[in-house]
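Participant: Please read through the structure below; I'll follow up with questions.
The values are calculated or read from the model by the stated rules, or taken from the named source; none is laboratory data. Computed from a prediction, not measured in an experiment: that's the story for all the values here. Don't worry about glycine lacking a Cβ; one is built from the backbone with ideal geometry, like all the others, and counts go over all protein chains shown.
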Amino acid sequence: MKLFLSVTVLLAFIALAASQGCEQEVNCLEAIALAASQGCEQEVNCLEANGCRCATTQSPLPLDETPQLVICSFNDAITELAYTTYYEPLFSGRMNPDFYPVSATFFVPHEYTDYRRVNDFDYRRVNDLYREGHEIAVHSITKDPLTEYWLESSVSNLKDEFEGQMRIISRFANIPVDDISGARVPNMALAGDNLFNALSEIAKLSVPPASVPFTLDYGSQVICASGVCPQNTHAGMWVTPIINIMGDGVECNNLQACRVEGTAQEIANWLIREFNVLYQGNRAPMNLVLSSAWFMATENSLQGLHGNRYESGT
């Protein structure tokens, strides 16, 4: 899982540059470049092929070939009002010169999210932005307004703030954890090594590949989300794990528990989306745990399960 820090890391370089005594703009830029690049040699100990690039004030391209990038980002709680009043009018139909849609990064805090309406408003809009191609990132759980809180936070606390919010977004906005990349500290209050250590620990965490069928000749090596995993060996006994999928704000192992409602097309789209999560991953089997109760309780569920077959009347 990739995790990128906000460009506010520049503040750290500015601080180091200031300690080296920059007084004018040009000297400051030179000092920033020096501070950022100490010990880093591009293509010597920092290979671009490995995703590494030294800090510099120079573009890797000739100046006349370098595009002028404009980065849009938001630190606000995503609400129905903000989505319809600002985000949708701002980005809908707007294209870049390369004809790709204009997108932004939304650093989403937990603050002001109304969980009584979460399935209809706030976190649904987070998912809307995600599906529209915007980048979803984290802005902490508490969004504590005191700068001292962030500057004095331990690695453990910072990890809880950012990883916790990442998990909250993933669950309630139905976005894979690996697709949530980026973190921004409230008040731009970089907490030094504690912050980077916390983010490094989060970056090492990833959702393990979904398990494929296996036997219990050597016991079970998977983690059971419910019940108790077998501890002993059972030679020749095959197990096909039931892989949880994401429903309407919940992780679920049967379709009725997913609580997804809508038109037949919307239900079909949901199932196809969950299918693609595995298909584009390690292609572990997808278990659709069905029941007649789901068909009776959920309108359009049968037609949705048929996919596009209902469109032709078959």
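Participant: Within the range 81-90, which residues are within 25 Å of residue 142 (Cβ to Cβ) and modelled with pLDDT of 80 or more? Talk me through it step by step, then tell me what you get.
Facilitator: Initially, the range 81-90 is screened for residues within 25 Å of residue 142 (Cβ to Cβ), giving 81-83, 86-87.
Answer for the range 81-90, where residues must be within 25 Å of residue 142 (Cβ to Cβ) and modelled with pLDDT of 80 or more: 83, 87.
Participant: Listed residues 76, 64; which is at pLDDT 70 or above, part of a loop (DSSP other than H, G, I, E, B) and in the same structural domain as residue 162 (by TED's automatic domain parsing)? It would help to see each step written out before you state the result.
Facilitator: On the way: 64 fails: part of a loop (DSSP other than H, G, I, E, B).
It is 76.
Participant: Let me ask another. Take the range 108-136 and flag every residue that is at pLDDT 85 or above and crowded, with 16+ Cβ neighbours inside 10 Å.
Facilitator: The initial filter retains those residues of the range 108-136 that are at pLDDT 85 or above, namely 108-110, 126-136.
Of everything in the range 108-136, those that are at pLDDT 85 or above and crowded, with 16+ Cβ neighbours inside 10 Å turn out to be 108, 109, 110, 126, 127, 129, 130, 134, 135, 136.
Participant: May I pose another question? Do any helices (runs of 4 or more DSSP H) entirely within the range 239-308 hold 3 or more residues that are at pLDDT 85 or above, and if so, which?
Facilitator: Answer list for the range 239-308: 264-279.
Participant: I'm told residue 46 meets every condition in (1) modelled with pLDDT of 75 or more; (2) touching a strand residue (DSSP E or B) at 6+ places or on another chain (Cβ under 6 Å) except one. Can you identify the failing condition by its number?
Facilitator: The failed condition is (2).
Participant: Next question. Here's a check for you: in the range 167-207, which residue that is surrounded by fewer than 17 Cβ atoms within 10 Å (Cβ to Cβ) and of a type in the set (D, E, K, R) is modelled with the lowest pLDDT?
Facilitator: 204
Participant: Here is a further query. Working only within the range 158-187, note down all residues that are of a type outside the set (Phe, Trp, Tyr) and farther than 15 Å from residue 203 by Cα.
Facilitator: Of the range 158-187, the ones of a type outside the set (Phe, Trp, Tyr) are 158-161, 163-171, 173-187.
Answer for the range 158-187, where residues must be of a type outside the set (Phe, Trp, Tyr) and farther than 15 Å from residue 203 by Cα: 168, 169, 170, 171, 173, 174, 175, 185, 186, 187.
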